[in-house]
Structure formats: structure tokens, C-alpha cells
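K.L.:
Let me give you the structure first, and then I'll get to my questions.
The values are calculated or read from the model by the stated rules, or taken from the named source; none is laboratory data. All of these numbers come straight from a predicted model, not from anything done at the bench. Quick reminder, even Gly has a Cβ in these numbers, built from the backbone with ideal geometry, and neighbours come from all protein chains shown. Calculation scope for accessible area: heavy atoms of the full protein, side chains included, ligands and nucleic acids excluded. Shrake-Rupley method; radii C 1.70, N 1.55, O 1.52, S 1.80 Å.
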Amino acid sequence: QVQVVESGGGLVQPGGSLRLSCAASGSDFSIVAMEWYRQGPGKQREWVASTSSIGITNYADSVKGRFTISGDTGKGTVYLQMNSLKSEDTAVYYCLVRSRIDYWGQGTQVTVSS
């Protein structure tokens, strides 16, 4: 069994920053990639960013230049540094661990509001 736990969410003013963390633990598993998704109020879940076991990173256009994904997939840890936050970034942020089976975390709430 694999556990995926996100942390670091909270309330921040527009223009502020937050750093999300994701940690995966459990039985032996080989991680192919770790990704961040988000689901805003009344919206579908959308992909935000990803990093692969060979270090390739990708970002959604909506966050490119503002968010940075980093971490060590070999250790099951990934971070999402979010800068210049906007109200439209308000969402529950989820971590997805891609291995032979995909594992989701429970999500962490990010609220951007003055």
C-alpha cells in the first residue's frame, strides 16, 4: 500500500507565495513521475505540473513562469513553489504519483484572497 500526503496549503493574499509538499511512502514501488493537479470551485480537476524520474519538468500554460516543481522522485518527494499567486489559483491541490499504479493524495487547500 502506498500513501501520498500533501501539505503546505493555506490562505495567502494575491501576489503572495506558498510552497506545497508531497511525500509518498509505502511498499516498494518504482515512481515514473510525480504530478500536481488542482480543482477549483465548480471546476474540473486540471493538471498543473509534472516531474519525471529522469528530471523532465512540464507546466500548464496558466502557471508557467510562476510555479516551479522540484523534488526527488527516487525518494518520493515533490514540491510546488507557487509565486505571484492569483485568485484564480484558488483550488484544492492534489499530488499524483505515477508508478505501475497511480496513487492520489487527499489534497491540500490553497486560497488566494485579500
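K.L.:
What does the net charge come to around Gln39 if you take all other residues with beta carbon closer than 9 Å to its beta carbon, with K and R at +1 and D and E at -1?
P.N.:
In short, +2.
K.L.:
Alpha carbons only, please: Rg and Dmax for the chain, in angstrom.
P.N.:
In order Rg, Dmax, the Cα atoms of the chain give 13.4, 44 Å.
K.L.:
Using a 1.4 angstrom probe on heavy atoms only, work out the carbon and sulfur share of the accessible area of the chain in %.
P.N.:
Result for the chain: 46 percent of the exposed heavy-atom area is carbon or sulfur.
K.L.:
Straight-line reach from Lys64: which lysines have a Cα under 19 Å away, not including same-chain ones fewer than 8 places off?
P.N.:
Counting by Cα, and skipping residues close in sequence, Lys64 has these lysines nearby: Lys86.
K.L.:
Given Cα pairs under 8 Å that are at least 6 residues apart, what percent is the relative contact order of the chain? Show your work: numbers first, answer last.
P.N.:
Numbers: 287 pairs, mean separation 42.8, N = 114.
Over the chain, the number comes to 38 percent.
K.L.:
What does the accessible area per residue of the stretch 24-114 come to in Å², with a 1.4 Å probe and no ligands, DNA or RNA counted?
P.N.:
Details: 4780 Å² over 91 residues.
On a per-residue basis, the stretch 24-114 sits at 53 Å².
K.L.:
Ok, one more. Counting only other residues whose beta carbon sits under 11 Å from that of Gln81, what net charge do I get with K and R as +1, D and E as -1?
P.N.:
Numbers: positive: Arg19, Arg66; negative: none.
That sum, taken over residues with Cβ under 11 Å, equals +2.
K.L.:
Would you list the P(r) distribution for the stretch 45-111, with all Cα-Cα distances sorted into 10 Å bins from 0 and each bin expressed as a whole %?
P.N.:
18, 56, 24, 2
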